[in-house]
Amino acid sequence: MVFRRKMRQAGTGSFAAGGPEAQPATPIYSAIERNIAWIENLVGHSADLVIRAVESPSSQNRVLILAYMDGLTDQTTINHHIVQAIQQQAIMGTTDNMDDWLTLLQRAIVSSGSIHSCAYLEHAVHAMLDGMCVIFVDQAGVALVAEASGGEQRGVEEPSTQGVLRGPQRSFTENIRTNASLVRRIIHSPDLRYEERLIGRRTRTRVGLLFMHGIIDDRILQTVRNRLAAIDIDGVLESGYIEEYIQEKTFTPFPTLMNTERPDAAAGALLEGQFAIMVDGTPFVLLGPVTFHKFFQSPEDYYQRFDIATFLRLIRYGGFVMSMLLPAVYIAVTTFHQETLPTLLLISLLGQREGIPLPALAEAFLMEMTFEVLREAGARMPRAIGPAISIVGALVLGQAAVQAGLVSPAMIIIVAFTAISNFVMPQLNIAIAARLIRFALMLAAGALGFFGIFAGILVIAVHVTSLKSFGVPYMAPLAPFVPASMRDTLLRSPLRSMRKRPVVLHPQDKERRPREEE
Amino acid sequence: MSGRDDFIAAEPIGKIQLMTAIILFEIGSTPMFLLARDAGQNAWISMAVGAAAGTIVLLVLLSLQRVSGEQDWTEMLLSRLGKWGGGAMAVLYALIFAYESMRNVRDFGAMANGTILPQTPMWVVMLIISAIACYAVAKGMNVVFRTIELFFPFVALSYCTVALFFFISDLPHAYRLRPVLDQGLGQVLKHALPELISFPYGQVVVFLLFWKYAKEPRRAIRVSLTAFGLVSLFLTAMSALTLSIIGADFAKLVAYPFLEAVQLIHIADFLERLDIFVTLVIFLGLFVKLSVFYLASNVIMSRLTGWSGRTCAIILGPLIFGASFLEPSQTFHIWLGLKVQVKYAWIYQVVVPFLILVLTLFAKRKSAHRSS
């Protein structure tokens, strides 16, 4: 608190605490030194602020001062298109009238991508922090803001978390404009709309909303616009921040927004009537509204033959169910309902458990937790140590635990299969939901056997049917059942037969193509 | 729509939702018991006769819904019998539905105790299942109906699989159903009426509270009739199947004849002891029935008091759970249900709605007179 009060007193205004849309209060002074002093004071004489004076031959007496942030700007643009242009310009004619000269400066002299004038120092500073070059002119009372952004950026690379065997191999990057362009390179349509706003009082992060005009349902669009506008937050570091703020329900393990780093996935979603939200600084783009089934669909489904794609989809659903239920079923069977197993299998299982000191529930919990730790370690540790972890994990914890008589070999198989089946989901966040639910179901199975699992599934079913994503029921098109959407839910029918867009998203243009063309 | 209606059903109930709800509701736990087992090998004919009678009940209810248009059962009672009379009647119905729900909770406990959880105290199972029902009902009508819809494929698939397994294991034999109608139709009728109207067919009366929210009221009538026809067929077939597998004499002796039949399934030394899974499927039906009754009671209460559905659900849940302990013993529970209740339940299921229908028709004629 003390710190904050100090900040407020020390600042030259309420600038830092103001939101992205805060009203500017300081008009640009006509004396150029005052402007520079104001800015330098505001950024606290930061070392990366570059102040450079230039003189123009076209107007002898005037001093121009450029202010920009080093590293956010592109040196070539500043050198060639702004500094040199101003210094060397002599042919275009001169004028003593200030307004005329400013127009001349904008139109004929500075040759960077875009340039506009601004009247407030706050605006100038924001522009400067966005990577623009601010040009102050003595006695002008306005400043010119020239586009000069650049600096080091990661290039477009292969997707690292959502790979496909067949399909485009490029991923979104940290630059929001690059990301928007990656989608535009796929959908060459004027109906592809891109709206941008700033979110975050301090980070002033660019957040872009992409949608297909004429396809997306207006109510969905309005809802997402309203929810984005309502966000009031200090900083946005990743699209996860936006996701938490605009989702319908916070207390649920199930994600109601999808994220992707694949431009083709985003383009496909837009064409189905979803929207995409891009956040500057992260390659993960949010897609919504989503239903449960979207998390089991990979863009690759549509690049492969429909039969194999259908098969893979069913495998994914199976994997989801397995990764939720398998350990719970094992616990229920070994502790409560041994009679359900065929006798030989039962003898083999119980033979393995002979001499195991732990009850099945504890055994399963121990091994599942071990795996979760391994997995988290695998995600966090430095890459160079990777092989060490796999040795420790596979040999020491698996093999040795069995040989030491701590856990039964069957349990290792169960844990391993559960873990592997958790990875078949193309979307990581639904897999996480399955992981969390797995532990709850294991407890339920340990307490009440199959009835516990049954009760657990009932609760989950009631919960998921009550979820909505931007007004779209989460379990659609299964509940409410939409027969027309069955072609692309559990199955993936041939592309020719999928003539309609998903009904549950209420697209304005209901059909992908008119019937006549068939 | 008012805010309260929004909570009860924010979206209209689609025709598939209605159909699956009626089917699963009517199935409930019915396959578990062999109803009208005193009719011996003719029990399945009693089921068919009961279904025919049930269809007539359904027709009465549907025509009442049709003449009353945009009203649900509470509103019909209020507008026909006045504020006090209708209110009292509605309270009575809320209590009846809550009682039916309570019976299912109790059945749940008993059944779990008798099959898959012999060592767990009954109240644990009952508490858990009431809590889940409360959770579902508090989420509103849409969620309950959607959940039913979500489970329908599993239930349908399970029963089909079991039927298939019966035949693969070569269990059903037609001779166990003979002689057909050895004591004439009278004996069959005697066991079918009114017991089989009261349970399970007449219980469809509860949908008087939900038809109003159907998406297309006209089609809802057809959908309801179709669903009822399908489920009647199913229940009759299940009854016949069970009888043809274990025979009438044995069926009279055991608590859960259907489970006995399922235990006989034995395929390829691997698929055996399926009774646990079948029990879970039956539980699902039971849960549907109990939560639909709960929901009905909830809707009436919410309408009468003006409280939100969530509040009502939270009040009703503990009541239903608590009331299930009022019965002193399981014997009493079965006696009350299978001996007393089935003799009289048809009054609230058919007679009262029929009277209301007559009153409505009179009132309509009167107002038509006046306006002309």
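The values are calculated or read from the model by the stated rules, or taken from the named source; none is laboratory data. Not measured: the values here are computed from a predicted model. Cβ coordinates were reconstructed from backbone atoms using ideal geometry, including for glycine residues, and neighbour counts include every protein chain displayed. These accessible areas exclude ligands, DNA and RNA; they are computed on the full protein's heavy atoms, side chains included. Shrake-Rupley method; radii C 1.70, N 1.55, O 1.52, S 1.80 Å.
Among residues of the range B:347-371 that are open to solvent by 50 Å² or more (accessible area, probe 1.4 Å) and modelled with pLDDT of 90 or more, those with a Cβ under 7 angstrom from a residue that is assigned to a helix (DSSP H, G or I) and not hydroxyl-bearing (Ser, Thr, Tyr), sequence gap 6+ or separate chain, pair up as B:Phe354/B:Val60; B:Leu359/B:Arg80; B:Leu361/B:Val67.
Here is a yes/no grid of residues against (1) modelled with pLDDT under 95; (2) within 14 Å of chain A (Cβ to nearest Cβ); (3) touching a His at 6+ places or on another chain (Cβ under 8 Å); (4) open to solvent by 10 Å² or more (accessible area, probe 1.4 Å):
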site: B:Asp5; (1), (2), (3), (4): yes, no, no, yes
site: B:Ile16; (1), (2), (3), (4): yes, yes, no, yes
site: B:Met32; (1), (2), (3), (4): yes, no, no, no
site: B:Ala53; (1), (2), (3), (4): yes, no, no, yes
site: B:Leu77; (1), (2), (3), (4): yes, no, no, no
site: B:Arg80; (1), (2), (3), (4): yes, no, no, yes
site: B:Gly109; (1), (2), (3), (4): yes, yes, no, no
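Of the candidates A:Gly405, A:Gly452, A:Gly471, the single residue that is within 12 Å of chain B (Cβ to nearest Cβ) and at positive phi is A:Gly471. Among the numbered conditions (1) closer than 19 Å to B:Leu18 by Cα; (2) among the hydrophobic types (A, V, I, L, M, F, W, C); (3) touching a Phe, Trp or Tyr at 6+ places or on another chain (Cβ under 8 Å); (4) more than 10 Å from chain B (Cβ to nearest Cβ), the only one that A:Ala484 does not meet is (3).
Considering the range A:330-340, the residues that are within 11 Å of chain B (Cβ to nearest Cβ) and open to solvent by less than 50 Å² (accessible area, probe 1.4 Å) include one that is modelled with the highest pLDDT, namely A:Ala332.
Just one of the numbered conditions (1) within 14 Å of chain B (Cβ to nearest Cβ); (2) within 26 Å of A:Lys500 (Cβ to Cβ) is not true of A:Gln274: (1).
For the range A:499-517, the criterion of being within 14 Å of chain B (Cβ to nearest Cβ), of a type outside the set (Ser, Thr, Tyr) and outside any helix (DSSP H, G or I) is met by at least one residue.
Can you tell me which residues in the range B:301-346 are surrounded by fewer than 16 Cβ atoms within 10 Å (Cβ to Cβ), among the polar types (S, T, N, Q) and touching a residue at least 12 places away in the same chain (Cβ under 8 Å)? Listed by number, the list holds a single entry, B:Gln330. Number of residues in the range A:442-493 that are assigned to a loop (DSSP other than H, G, I, E, B) and within 28 Å of B:Ser130 (Cα to Cα) equals 6. The criterion of being open to solvent by 50 Å² or more (accessible area, probe 1.4 Å), closer than 19 Å to A:Ala362 by Cα and touching a residue at least 12 places away in the same chain (Cβ under 8 Å) holds for A:Phe417.
Every listed requirement among (1) touching a residue at least 40 places away in the same chain (Cβ under 8 Å); (2) open to solvent by less than 60 Å² (accessible area, probe 1.4 Å); (3) of a type in the set (A, V, I, L, M, F, W, C); (4) assigned by TED's automatic domain parsing to the domain that holds A:Thr340 is met by A:Phe454 save one, (1).
When the residues of the range A:173-189 are filtered to those that are in a helix (DSSP H, G or I) and either over 30 Å from A:Arg227 (Cα atoms) or of a type in the set (Lys, Arg) (or both), the one that is most open to solvent (accessible area, probe 1.4 Å) is A:Arg177.
Looking only at residues in the range B:140-173 that are without any contact (Cβ under 8 Å) to a residue 60 or more places away in the chain and open to solvent by 40 Å² or more (accessible area, probe 1.4 Å), the one that is nearest to the other protein chains (Cβ to nearest Cβ) is B:Pro153. Residues that are surrounded by fewer than 21 Cβ atoms within 10 Å (Cβ to Cβ) and either among the polar types (S, T, N, Q) or closer than 24 Å to A:Leu341 by Cβ (or both) were ranked within the range A:420-438; the one that is farthest from the other protein chains (Cβ to nearest Cβ) is A:Ile420. Only residues that are within 21 Å of the chain's Cα centre (by Cα) and either buried (at least 19 other Cβ atoms within 10 Å of the Cβ) or acidic (Asp, Glu) (or both) were counted across the range B:174-193, and they come to 2. The set of residues in the range B:19-37 being hydroxyl-bearing (Ser, Thr, Tyr) and assigned to a helix (DSSP H, G or I) consists of B:Thr20, B:Thr30. Looking only at residues in the range A:429-478 that are β-branched (Val, Ile, Thr) and farther than 26 Å from A:Ala416 by Cα, which one is modelled with the lowest pLDDT? Ranking the candidates gives A:Val472 first. Cβ separations smaller than 9 Å between residues 6+ apart or across chains give the following pairs from the range A:491-509 residues that are without any contact (Cβ under 8 Å) to a residue 24 or more places away in the chain and open to solvent by 80 Å² or more (accessible area, probe 1.4 Å) to residues that are in a strand (DSSP E or B) and not β-branched (Val, Ile, Thr): A:Lys500/A:Glu511. Total residues in the range B:245-277 satisfying the condition of being more than 9 Å from chain A (Cβ to nearest Cβ) and outside any helix (DSSP H, G or I): the figure is 9. If the requirement is being touching a Lys or Arg at 6+ places or on another chain (Cβ under 6 Å) and either under 27 Å from A:Ser117 (Cβ atoms) or among the β-branched types (Val, Ile, Thr) (or both), which of these qualifies: A:Val145, A:Val156, A:Val164? When all the criteria are applied, what remains is A:Val156.
Yes/no per residue for (1) open to solvent by 30 Å² or more (accessible area, probe 1.4 Å); (2) closer than 26 Å to A:Leu505 by Cα; (3) more than 15 Å from the chain's Cα centre (by Cα):
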{"position": "A:Asp191", "(1), (2), (3)": "yes, yes, yes"}
{"position": "A:Gly200", "(1), (2), (3)": "no, no, yes"}
{"position": "A:Thr205", "(1), (2), (3)": "no, no, no"}
{"position": "A:Leu209", "(1), (2), (3)": "no, yes, no"}
{"position": "A:Ile220", "(1), (2), (3)": "no, yes, yes"}
{"position": "A:Thr223", "(1), (2), (3)": "yes, yes, yes"}
{"position": "A:Val236", "(1), (2), (3)": "no, no, no"}
{"position": "A:Tyr245", "(1), (2), (3)": "yes, yes, no"}
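The lone criterion from (1) closer than 30 Å to A:Ala309 by Cα; (2) open to solvent by 80 Å² or more (accessible area, probe 1.4 Å) left unmet by A:Ile391 is number (1).
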